Amino acid sequence: MNSTSATPGALAGIRVLDLSRVLAGPWCTQMLADLGADVVKVERPGLGDDTRQWGPPFLKDAQGNDTNQASYFTACNRNKRSVTIDMATPEGQALIKQMALQADIVVENFKVGGLKQYGLDHESLRALNPRLIYCSVTGFGQDGPYAERAGYDLMVQAMTGLMSITGHADNAPGGGPMRVGVAVIDLFTGLYASNAILAALNVRHHTGKGQHIDMALLDVGMAVLANQAAGFLATGQAPGRMGNSHPSLAPYQDFPTQDGNMLLAIGNDGQFQRFCAAAGQPQWASDERFATNTLRVKHRAELIPAMEAVTRTRTTADWIALLEDKAVPCGPINTIAQAFDDAQVKARGLAVSLPRWKDGEAGDGVTHITGVASPLRLSATPPVLRNAPPALGQHTDEVLRELGLDAERIAALRAAKAI
């Protein structure tokens, strides 16, 4: 379970300097923060992370009115502290270098070479702190002909072929390539990055040295093609779009019901036999066209219409009730609102309201923010959900005081617009 207590997380004592923006990098650092790391997010003075302006929708204040804080930012910046530093100034660069001296991990997602002009690139910071684990997240990696290009999730979904296998077939209503409903390449890149960072931490335990991690959206996009890539590499034949059907399983898709739709995910012959018996069609299980999964895939065009005629005779709830005790995977196709209202989602505590910071105030009228709980369930060191995503620059003074700066020095930096 997620904990909101003072119990230290698995990464307690680890310091992360977060120079990333938007989604892939912040998704990575939020995971580290949930696991107990102290993550300090450096943002541009006055503007902050781009996603603070990516609205609507916006957060509400205590009176229920829209603020100017986009909810997008809150998806991936929980448990972090925000400082505003202008890294284009010599004073700002000196502050970030001082922070890097005390950090275990740096995560950034600037263009290749973009931080070198500020002396904040991997080589410069590792020279100051050889124990530093420095993770660079880019669109196309640190080398190759596309290295200097900017990369975005949607572009990579298109380039890797993911859009070519997502959506309805060209000859079907609404056919054509389709992006996934969330920025899945960014999210997977954040997950891969956090795994790589944890591996580098383990290596550092033995060697005492950090290392550079080169994470590319393109690489991740190709990797998560998974079985679809494996099928192409085995046969040389590029798969196409099949809507909600599965290229290797049948029946494994949505079906119409009396009052809407349901999802039926039959993964083996035993499940199909049990479905047929429950649906009053036992002869399908022994039909020479449908007796095995391979045959069902081959004769999909005959099987699916026959099944649809039967699934339309009951409501979605009736089908779920009929099949749930027969080990036949079946469920509703929910909206996000329905998903959060689901009994299992509620039982797992997957919606969590957190205070903006220790006293619940951040100066912008927002005291609490509700987000999705961490899915990581560690029995001894569970994720510690301490605080909601921070307001812009909320912890600047606090973090600088920890660096040893006094009030006079902080005031001078603010007057010089370095912070």
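Compute the FRET efficiency between K326 and T7 as 1/(1 + (r/R0)^6), taking r as their Cβ-Cβ distance and R0 = 51 Å, and round to the nearest 0.05.
The computed FRET efficiency comes out at 0.80.
Using the Cα gyration tensor of the range 74-204, with a ≥ b ≥ c the square roots of its eigenvalues, what is the shape: rounded (a/c below 1.5), prolate (a/b larger than b/c) or oblate (neither)? Let's see the in-between values first.
On the way: a/c = 2.34, a/b = 2.19, b/c = 1.07.
Prolate is the answer for the range 74-204, as a/c is 1.5 or above and a/b outweighs b/c.
If I model a spin label at S286 and R401 as a point 7 Å from the Cα along the Cα→Cβ vector, what separation in nanometres do I get?
8.0
Starting with the highest mean, order 226-234, 308-316, 186-194 by the number of other Cβ atoms within 10 Å, averaged over the residues of each peptide.
Working: 226-234: 12.2, 308-316: 15.4, 186-194: 23.2.
My ranking of the peptides, most packed first, is 186-194, 308-316, 226-234.
Leaving ligands, DNA and RNA out of it, rank R401, R409, R21 by accessible area with a 1.4 Å probe, largest first.
Numbers: R401 140, R409 110, R21 75 Å².
Sorted descending by solvent-accessible area, the residues read R401, R409, R21.
Please report the relative contact order for the range 285-339, taking Cα pairs under 8 Å with a sequence separation of at least 6, and give it as a percent rounded to a whole number.
About 17 percent, as a whole number.
Normalised by the number of residues in the range 295-410, what is the relative contact order in percent for Cα pairs under 8 Å and 6+ residues apart?
Taking the mean separation of contacting Cα pairs over the length of the range 295-410, I get 16 percent.
Apply the Karplus curve 6.51 cos²θ - 1.76 cosθ + 1.60, θ = phi - 60°, to the phi angles in the range 31-37 and return the couplings in whole Hz, x for Gly and Pro.
Karplus values, whole Hz, x for Gly and Pro: 4, 5, 5, 4, 7, x, 5.
Sticking with the crude label model, points 7 Å out along Cα→Cβ, report the distance from D318 to N195 in nm, one decimal please.
So the label points at D318 and N195 sit 4.4 nm apart.
Calculate log10 I(q)/I(0) of the chain for q = 0.06, 0.09 Å⁻¹, where I(q) comes from the Debye formula with a single equal point scatterer on each Cα and nothing for solvent.
-0.33, -0.69
What length, rounded to one decimal in nm, is gained on full extension from T207 through to A230, with 0.36 nm per residue of separation minus their alpha-carbon distance?
4.7 nm
If you average the sequence gap of Cα pairs under 8 Å that are 6 or more apart and divide by the length of the chain, what percent do you get for the contact order?
21
Quick check on the range 363-407: take the gyration tensor over C-alpha atoms, sort the square-rooted eigenvalues as a ≥ b ≥ c, and tell me if it's rounded (a/c under 1.5), prolate or oblate.
Oblate shape, in that a/c is at least 1.5 and b/c is the bigger or equal ratio.
In whole Hz, with x marking every Gly and Pro, tabulate ³J(HN,Hα) for the range 87-101 from phi via Karplus 6.51 cos²θ - 1.76 cosθ + 1.60, θ = phi - 60°.
6, 7, 9, x, 5, x, 4, 5, 5, 5, 5, 5, 5, 5, 4
Expected output is a single nm value to one decimal: the length gained when fully extending between E408 and D341, i.e. 0.36 nm times separation in residues minus the C-alpha distance. What is it?
Value of the extension gain: 19.0 nm.
Packing-wise, with mean Cβ within 10 Å as the measure, how do 237-244, 371-378 rank, highest first? Don't skip to the answer; put the middle values down first.
On the way: 237-244: 13.6, 371-378: 15.6.
In descending order of packing, they fall as 371-378, 237-244.
What does the helix-only formula give at 222 nm for the chain: each DSSP H stretch with n ≥ 4 adding -39500 (n - 2.57), the total divided by the residues, and the result rounded to the nearest 500 deg cm²/dmol?
Details: 16 runs with 145 residues, N = 419.
The helix-only estimate for the chain comes to -10000 deg cm²/dmol at 222 nm.
Given H placed 1.01 Å from N in the peptide plane, which residues other than close sequence neighbours of A291 have an amide H under 5 Å from its amide H?
Sorted by chain and number, the residues that satisfy this come to none at all.
Label-point separation (nm) for N261 and K116, each offset 7 Å from Cα along Cα-to-Cβ?
In this crude spin-label approximation the distance works out to 4.9 nm.
Under a 5 Å amide H to amide H cut-off, with H placed in plane at 1.01 Å, what residues pair with Q253 once short-range neighbours are removed?
Answer set, sorted by chain and number: L264, I266.
When the Debye formula is applied to the Cα atoms of the range 142-223, each taken as the same point scatterer, what base-10 log of I(q)/I(0) results at q = 0.13, 0.21 Å⁻¹?
For the range 142-223 at q = 0.13, 0.21 Å⁻¹, log10 I(q)/I(0) is -0.54, -0.97.
Volume per residue, Å³, of the convex hull around the alpha-carbon atoms of the range 43-138?
So the per-residue hull volume is 117 Å³.
With every protein chain kept in place and ligands, DNA and RNA left out, what is the accessible area per residue of the range 189-265? Probe 1.4 Å, answer in Å².
50
Report the gain in length on full extension from D66 to A94: 0.36 nm times residue separation, minus Cα-Cα distance, nm rounded to one decimal.
6.4 nm
Over the range 281-419, with every protein chain in place, what whole percent of the accessible area is carbon and sulfur at 1.4 Å, could you tell me?
That share works out to 55 percent.
Place the peptides 91-97, 389-395, 111-117 in order of packing, highest mean first, counting for every residue the other Cβ atoms within 10 Å and averaging per peptide.
The densest-packed peptide leads the list: 389-395, 91-97, 111-117.
Efficiency by 1/(1 + (r/R0)^6): what FRET value for S379 and A351, r their Cβ-Cβ distance, R0 = 35 Å, to the nearest 0.05?
Efficiency, rounded to the nearest 0.05: 0.95.
Which cross-chain or sequence-distant (5 or more) residues have an amide H under 5 Å from the amide H of C135, H modelled 1.01 Å from N in plane?
Sorted by chain and number, the residues that satisfy this are V106, V107, E108, I213.
Evaluate the charge dipole of the chain about its Cα centre and quote only its size in Debye, nearest 20, assuming +1 on the Cβ of each Lys and Arg and -1 on the Cβ of each Asp and Glu. Provide the component values of the computation, followed by the final result.
Details: 37 positive and 41 negative charges, 97 e Å.
With only Lys, Arg, Asp and Glu charged at Cβ, the dipole is about 460 debye.
What is the Cα coordinate range of the range 216-359 on the first, second and third principal axes, sorted by size from largest, in whole angstrom?
68, 43, 23
The values are calculated or read from the model by the stated rules, or taken from the named source; none is laboratory data. Bear in mind that the values here come from a model prediction, so they are computed numbers and not experimental data. Positions of Cβ are generated from backbone atoms using ideal geometry, with glycine treated the same way; all protein chains shown enter the neighbour counts. Just so you know, the surface numbers come from the protein's heavy atoms only, side chains and all, with ligands and any DNA or RNA stripped out. Shrake-Rupley method; radii C 1.70, N 1.55, O 1.52, S 1.80 Å.
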